Each structure stands twice: as C-alpha cells, then as structure tokens.
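The values are calculated or read from the model by the stated rules, or taken from the named source; none is laboratory data. For clarity, every value in this text was computed on a predicted model and none was experimentally measured. For neighbour counting, all protein chains shown are included, and Cβ atoms are generated from backbone atoms with ideal geometry for every residue, glycine included. Remember, those area values only see protein heavy atoms, side chains included, never the ligands or the DNA or RNA. Shrake-Rupley method; radii C 1.70, N 1.55, O 1.52, S 1.80 Å.
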Amino acid sequence: MLDAVTAQRLALIDRLEGFDEGQWDTASLCAGWRVRDVVGHLVSILDLPLHRFLLGVVKARGFDRFADRVAREYGGQDPVALTARYRELAPKRFSVPVVGAIAPLVDVFVHTRDVERPLGLPSSLDAEGLRTVLEFVCGGKARGFIPARRTAGLRFAATDLDWTVGNGPLVEGPADALMLAVNDRSVALADLSGEGAEEFRSRMAGD
C-alpha cells in the first residue's frame, strides 16, 4: 500500500511539472484552496517534523486551522521549487496510528482529483489503488474519516471498475466520482445514479 502511495505522488508530480501559472492558481475542489494550496498541503505533511506539526495544531487550536495556514504558506512558494521538493519527499513513508497506511493513500488519491478535475484532466489514479480506497471510504471502515451514517444501508458500485460494496439501494457512478462524493466533494454528486442516489445526496446535504 505504501508503494501505491509513492507511485501516486509521482504520477501527480509528473503532471504538476507541466502546469502553467494559470493552472496553479485555479480553484481546486477543496473549498478555499487553489491547486497550489492543495500541493502545499501534500508537501507540508511530508516536510514538517511530526512534533512541529502537533505543536502547530495546539497553538492554532485545531488541526484544520493549522493545516490550512501551512498549506497556504507552502502553496505560496515558487511552483518549480515546490514541485521539486515534493519529488524529493515522495518516497517518504508514514502510517497514521490505528488507521494505518490507508490514510496517506486516501489523502493523495482524493487530493490528486482535487487538482485534476477542475483542470479538466483525466484521472491518473491507479485502478487497484482506487478499489482499495473505495472499499475503505464507502465500506463503513473509515471511522474518524467518513461518518458511518453517510454510507450505511446503501450499496455502492463503480461503473468503470469491477467493484461494489454494501447492501441496500444502489448508488453507482465512476469510481473517482464515488470517492470524491463520499469525501464531501459535492460537484461529484451529479455523476451518481441509481435508486439510492437521491438518499445519498440527502445525507450529504445534511452533514
């Protein structure tokens, strides 16, 4: 799984190296973040020592506040230097306590599409890795990441992969759209169909 994390980082980096200034400043799927800020986030979580990151979270009185500040600080760097630093750090391995290596895999997969989709770029996500991510985020295993009520009692199926999970009314769509929708990217909700799609949209609107 950690090999898959590194591979996806490198796939994204290969794309970033061809971006122009306009693409770097395009609004991503992360609310309030440009493409450069998403990349800043991905670099910062690899670059900052854990003790400094945790201290920053305490001082900022919250993970989201600190992560947002640091993402913007890193994202403000020269894109060439930022991308080069990301390539240096790409092989770095870490796992989140309790959750394990699936956490950085989900992070880089979701953020890759946060960057690619607004720019009209086709997905660079590996199919096998995407199945693993979907199993986690749609299968009721993502405690602390995805509220259980969001996916409970529904069946999810990818229309472009041989993958399905769950029991109940069907929610189907492209694999990356399912991943994005479950992770609060509302733009992907329009890509979903099936008898359970309306119920799923209602749950997302209420979260």
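Numerical summary
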| read-out | value |
| --- | --- |
| Column: log10 I(q)/I(0), Debye, Cα scatterers of segment 1-119, q = 0.11, 0.13, 0.15, 0.17 Å⁻¹ | -0.33, -0.47, -0.64, -0.83 |
| Solvent-accessible area per residue, Å², over the chain with all protein chains present [probe radius 1.4 Å] | 47 Å² |
| Mean residue ellipticity (222 nm) of the chain, computed from DSSP H runs ≥ 4 via -39,500 (n - 2.57), nearest 500 | -16500 deg cm²/dmol |
| Helix 50-60 axis, angle to the chain major axis (alpha carbon atoms, nearest 10°) | 80 degrees |
| Amide H partners (placed H, <5 Å) of Arg34, local residues excluded | Ser28 |
| Cα-based helix-to-principal-axis angle, 197-206 vs the chain, degrees rounded to 10 | 50 degrees |
| Inverse of mean 1/r across different Cα pairs in segment 87-186, Kirkwood, Å | 14.1 Å |
| Principal-axis tilt of helix 79-89 within the chain, Cα atoms, nearest 10 degrees | 80 degrees |
| Percent accessible area from carbon and sulfur atoms, the chain, protein chains only, probe 1.4 Å | 53 percent |
| Per-selection Kirkwood Rh - the chain (Cα, Å, 1 d.p.) | 17.6 Å |
| Of Gly144, Pro122, Ala90, farthest towards positive along the dipole that unit charges on Lys, Arg, Asp, Glu beta carbons give the chain | Gly144 |
